[in-house]
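Below you'll find the structure, written out as structure tokens, and then a few comments.
Just so it is clear, none of the values below were taken in a lab; they were calculated from the coordinates. It should be emphasised that the depicted structure is a prediction, and the values quoted were computed from it without experimental measurement. All Cβ positions, even for glycine, are placed from backbone atoms using ideal geometry, and neighbour counts span all protein chains on display.
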Amino acid sequence: MAVEPTSVTDVADGLREVDYLPGESTALVSYLAAKLGKPVLVEGPAGVGKTELAKALSRYLDRALVRLQCYEGLDEAKALYEWNYRKQLLRIQAEERGAGWESVQEDIFSEDFLLARPLMTAIASEEPVVLLIDEIDKTDQEFEAMLLELLSDFQISIPELGRIDATTQPVVVLTSNNSRELTEALKRRCLYLWLDYPEVEHELAIVRLHTPELSETVARKLVELVQQVRGLDLKKPPSIAESIDWARALLLLGADDIDADVFRETMSIIVKHRTDLDTVAERVGVKLSDVNAPL
Ligand SMILES: Nc1ncnc2c1ncn2[C@@H]1O[C@H](COP(=O)(O)OP(=O)(O)OP(=O)(O)O)[C@@H](O)[C@H]1O
Ligand SMILES: [Mg+2]
């Protein structure tokens, strides 16, 4: 049974129940998206829970997740629909000789010969779904333009077939790493959610959720260190994903503290650039080996 949220708190609680700890604006925007039927554009650095939000919404709302992974060169045939050429060909061959082209043509350009790709699947679904359009910034502007028709009217025009209207309205989540500026037209149609690196307490809660067996002291120290590392001017600051990986690794190694040695041995889990490693070893690692220095 699909869930109908009735308040922001409802959404916040629901997301927590399916193991996603939302920030305040996350719950609010998700609630509005579900109520107003508007797509949400989620932007932010890598690994802060953009994709996971869509997955969590699908679990919470008890709707199937339809995912479109974007990449450079993605086109309508892979995103929207494609004619099933092989089946069309077979149909033509199976046609008794003498049948008019007219009747065959009418037949092979019908829905039976259509291959639905994620966008079409999402709006044609009998049960409402959550549609995740992941990493939209990887596509080009033409693709974005095509999305606009879908996102504003929830319909698709197929030249040979006519208009296909949405059977049900999906909750749409678009994510972007901001690798390029998205068009104003797209942004205008979406609610906007900026996900940033979380505050200490929020991140601690997320880490503990994923590794409940790790002691609170170690988890807290880990999060404080990660936040310190983020404060340095790095090529690639560690994300929540890296904090979780680090916590899992420490748990596996049975570490009961993060001292200078443990830090040096495991810091490549959170820092993944040669030059960043040097900076972090110098600025954070050294501080850790000095027992008198505050963290
Ligand atoms: N609020 C949260 N509650 C629970 N887990 C979270 C939260 N935020 C992030 N995570 C966890 O952090 C990891 C990274 O999240 P996710 O893959 O969604 O990041 P992303 O923003 O989509 O990154 P990218 O831009 O690299 O695709 C996941 O394992 C996810 O479960
Ligand atoms: Mg992602």
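Please report the net charge: other residues with Cβ closer than 11 Å to the Cβ of ASP75, K and R +1, D and E -1.
Around ASP75, the charge tally is -3.
Using DSSP, restrict attention to beta bridges with both residues in the range 128-197 and report what percent are antiparallel, rounded to the nearest 5.
Of the beta bridges lying entirely in the range 128-197, close to 50 percent run antiparallel.
What FRET efficiency comes out for ASP10 versus GLU184 if R0 is 30 angstrom and r is the Cβ-Cβ distance? Round to the nearest 0.05.
With a Förster radius of 30 Å, E is 0.40.
Based on the Cβ-Cβ distance of GLU213 and ILE92, what FRET efficiency does E = 1/(1 + (r/R0)^6) give at R0 = 41 Å, to the nearest 0.05?
Once the sixth-power term is evaluated, E becomes 0.10.
Sort VAL218, VAL129, VAL200 so that the residue with the fewest other Cβ atoms within 10 Å of its own Cβ comes first and the one with the most comes last.
VAL200, VAL218, VAL129
So which GluC sites (Glu not before Pro) in the range 141-202 end up in coil per DSSP with only 13 or fewer other C-beta atoms within 10 Å?
Taking the range 141-202 and a limit of 13 other Cβ atoms within 10 Å, the loop GluC sites (Glu not before Pro) found are GLU160, GLU181, GLU199.
Quick one: angle between helix 200-210 and the longest Cα principal axis of the chain, in degrees between 0 and 90, rounded to 10, please.
70 degrees
I want the antiparallel fraction of DSSP beta bridges within the range 1-153, as a percent rounded to 5.
40 percent
I need TRP101, TRP83 ordered by Cβ neighbour count within 10 Å, fewest first.
TRP101, TRP83
Which FRET efficiency value, to the nearest 0.05, do you get for ASP137 and SER157 by plugging their Cβ-Cβ distance into 1/(1 + (r/R0)^6) with R0 = 22 Å?
0.30
I'd like the antiparallel share, as a percent to the nearest 5, of DSSP beta bridges with both residues in the chain.
Around 30 percent antiparallel, to the nearest 5.
Pull up the cross-link candidates among the lysines for LYS272, meaning alpha carbon to alpha carbon under 30 Å and not fewer than 8 places away within one chain.
The reachable lysines, counting only those whose Cα sits under 30 Å from LYS272, are LYS50, LYS55, LYS138, LYS221, LYS235, LYS236, LYS287.
Which whole-Hz couplings ³J(HN,Hα) result when phi for each residue of the range 225-236 is put into the Karplus expression 6.51 cos²θ - 1.76 cosθ + 1.60, θ = phi - 60°, listed in order with x for Gly and Pro?
5, 4, 5, 5, 4, 4, x, 7, 8, 9, 5, 9
Classify the chain as rounded, prolate or oblate from the Cα gyration tensor: take a ≥ b ≥ c as the square roots of its eigenvalues, call it rounded if a/c is under 1.5, otherwise prolate when a/b beats b/c and oblate if not.
prolate
Within the range 15-85, report the GluC sites (Glu not before Pro) that DSSP leaves as loop and that have at most 14 other Cβ atoms within 10 Å.
Here the sparse-neighbourhood loop sites are GLU72.
Local charge sum around LYS221 (other residues, Cβ-Cβ under 10 Å, Lys/Arg +1, Asp/Glu -1)?
Computed value for this residue: -3.
In deg cm²/dmol and to the nearest 500, what is the mean residue ellipticity at 222 nm of the chain if only DSSP H runs of at least 4 residues count, each as -39500 (n - 2.57), divided by the residue total?
Value at 222 nm, helices only, nearest 500: -13500 deg cm²/dmol.
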